Amino acid sequence: MEQNTNILIPYMTPGVMLNFTITYSGCRALRNLKLSMKNLYLNLAISCIIFFGAVLLFSSYRATKRGSKISFSSSTCQHLLRKRNPGLKILLIDVDFLQKLTEANGTTCLWNERKPIKVGVEMEYKFNSTHNLGDLGFEVFYYHNNASKDFLDLEMDAGRRLIPRKFKTRWVGNIEIPEDTQRFEEFWKRSSFRDCVGLDMNRNKSDGVFLKGPETADILAQLRDELLDNGMFPFLNSGTFLGWYRECTIIPHTYDVDFAVFKYNYKPEYPYKLLNGTSEFKLARMFGKLEDGLELTVVPKLKANPRIDVFVMYDGIENGVLTHHYTPGLGGDGTKYKFTYPIYDPWCAAELHDHLFWVSCSPKPQIRHEYGPQWYLDHPTSQFGWNSSPKNIKENGKLTKEEMKKYYLEF
């Protein structure tokens, strides 16, 4: 229970003395009042800090938003290119800008004008300091344009990139623009360059030469283009992949060459084009089922060689998980085989006798998996069994006699 204590406090004014009596409980009330005022001031201070912080944040947001609006083009992408039209011919290689150009389709271009646009310029202008492409908002990469090769060879920050010449373009002023953005983007995805080893195989001059490298590469490139026109992106496989990597050519004593195409990219109508004569090639054989083991063999219309095997490559699924890829094989007795590969990585570009072909970006591990640790040694084709010599082959079931009549076709 509180006790009251009388305290005399003199309050003096000129000529007057006043006495106040304050009880003990009054002192506590005064102290509590002071604490309450202190908390009030503290809360007010915090509130002010939050308020002014919010004002500054909102102002910064408004300023940033205004800046973003200014930095983005208010015109079409094509008009933006016309404004930057240079004094020399350039090739638009910026995949991001090409996508914006396609998406805009005549509407406002959602491109940050402060961001440079990547373009390719022929190598002859590399040491020409008179062009002002940087000032016009372009990031310049130079490329070799050798008429004897079927690709452009670009010098990029991360190394060489090879893209096929085979794409249609249109012009806006002096700017050459790929028309088919999707195809160009697919080319660009596969453009990082990989080089071959170029071993000297020291073959005996008396060894037979069945396929000549340059001539075979010419025909293989012709089929590559036809497959591209039919929506497929082929890549070197099996012995042709080995020959490119190991010795930078076609293995001379081999009897055929090899392409592969992923199942998701394969077009089932293609064999019918081969059969109805609308192709530059003809179908020699077709083995297996599309769902798990299709292989085509084609030859040029006017020649018997080279025979080109086109394998469909499949996903190897185990317990619902992708663990490998594989290409098929089918024996004359109906035995099904599969040639397994480590999961294929993104594609890269290679040069073979002045032609561009796509390959694995990590060729050595793939080749070692298929041909073993002594992949660098020559193995005569006459002593190589297609269904016994590779290190990556395994049986994969068997077709019945009735199925063989339907799925083992020679033409």
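The values are calculated or read from the model by the stated rules, or taken from the named source; none is laboratory data. Being a predicted model, the structure only gives us computed values, none of them experimental. Cβ atoms come from the backbone with ideal geometry, glycine included; neighbour counts cover every protein chain shown. Accessible surface areas use protein heavy atoms only, side chains included; no ligands, DNA or RNA. Shrake-Rupley method; radii C 1.70, N 1.55, O 1.52, S 1.80 Å.
Semi-axes of the equivalent ellipsoid of the stretch 195-278: what are they in whole Å, largest first, if each equals the square root of 5 times a C-alpha gyration tensor eigenvalue? Please list the in-between numbers first.
Numbers: eigenvalues 164, 42, 19 Å².
Values for the stretch 195-278, descending: 29, 15, 10 Å.
About the centre of its Cα atoms, the stretch 77-191 shows a dipole size close to 140 debye [charges on the beta carbon of Lys, Arg (+1) and Asp, Glu (-1) only; nearest 20 debye].
Counting protein heavy atoms only, the stretch 324-411 has 51 percent of its accessible area on carbon and sulfur, 1.4 angstrom probe.
Based on alpha-carbon atoms, the Kirkwood radius and the radius of gyration of the stretch 213-410 give Rg/Rh equal to 0.93.
For TRP375 and ASP333 in the same chain, what is the full-extension length gain: residue separation times 0.36 nm, less their Cα-Cα distance, in nm?
So the chain would gain 12.2 nm between TRP375 and ASP333.
For the residue pairs LYS118/LYS168; LYS303/LYS364; LYS212/LYS406; LYS282/LYS406, the alpha carbons lie more than 30 Å apart in LYS303/LYS364; LYS212/LYS406. Note on the stretch 213-410: dipole from Cβ charges, positive end direction compared against PRO252, VAL310, LEU242; the farthest Cα belongs to VAL310. Our summary gives the stretch 213-410 a relative contact order of 20 percent, counting only alpha carbon pairs under 8 angstrom and 6 or more residues apart. Pairs to check: LYS166/LYS338; LYS100/LYS189; LYS149/LYS338. Give those whose C-alpha atoms are more than 29 Å from each other in this structure. Check vs 29 Å cut-off fails for LYS166/LYS338; LYS149/LYS338. Counting 0.36 nm for each residue step from LEU322 to GLN222 and taking away their Cα separation leaves a gain of 32.7 nm.
Taking the stretch 72-123, which trypsin sites (Lys or Arg not before Pro) meet the DSSP loop condition and have no more than 11 other C-beta atoms within 10 Å? Write out the running numbers ahead of the final one.
On the way: sites: ARG82, LYS83, ARG84, LYS89, LYS100, ARG114, LYS118; in loops: ARG84, LYS89, ARG114.
In loop regions of the stretch 72-123 (DSSP not H, G, I, E or B), the sparsely surrounded trypsin sites (Lys or Arg not before Pro) are ARG114.
Taking a spot 7 Å from the Cα of LEU88 along the direction of its beta carbon, which residues of the stretch 95-130 have an amide N less than 15 Å from it? Answer for this model: 119-130. Counting pairs of alpha carbon atoms under 8 Å apart in space and at least six apart in sequence, what relative contact order in percent does the stretch 77-191 give? The normalised contact order for the stretch 77-191 reaches 28 percent. Between ARG170 and ASN128, full extension at 0.36 nm per residue minus the direct alpha carbon distance yields a gain of 12.6 nm. Taking the alpha-carbon distance from LYS401 and a cut-off under 16 Å, which aspartates and glutamates remain once sequence neighbours fewer than 8 residues away in the same chain are dropped? Counting by Cα, and skipping residues close in sequence, LYS401 has these aspartates and glutamates nearby: ASP333, GLU410. Highest average first, the peptides 183-194, 157-168, 244-255, 394-405 ordered by how many other beta carbon atoms sit within 10 Å of their residues are 244-255, 183-194, 157-168, 394-405. With r defined as the distance between the Cβ atoms of GLU291 and TYR255 and R0 fixed at 30 Å, what FRET efficiency is calculated, to the nearest 0.05? E between GLU291 and TYR255, to the nearest 0.05, is 0.60.
When N is the residue count of the stretch 124-279, what does its C-alpha Rg come to as a fraction of 2.2 N^0.38 Å? Write out the running numbers ahead of the final one.
On the way: Rg = 19.3 Å, N = 156, 2.2 N^0.38 = 15.0 Å.
In units of the 2.2 N^0.38 Å rule of thumb, it is 1.29.
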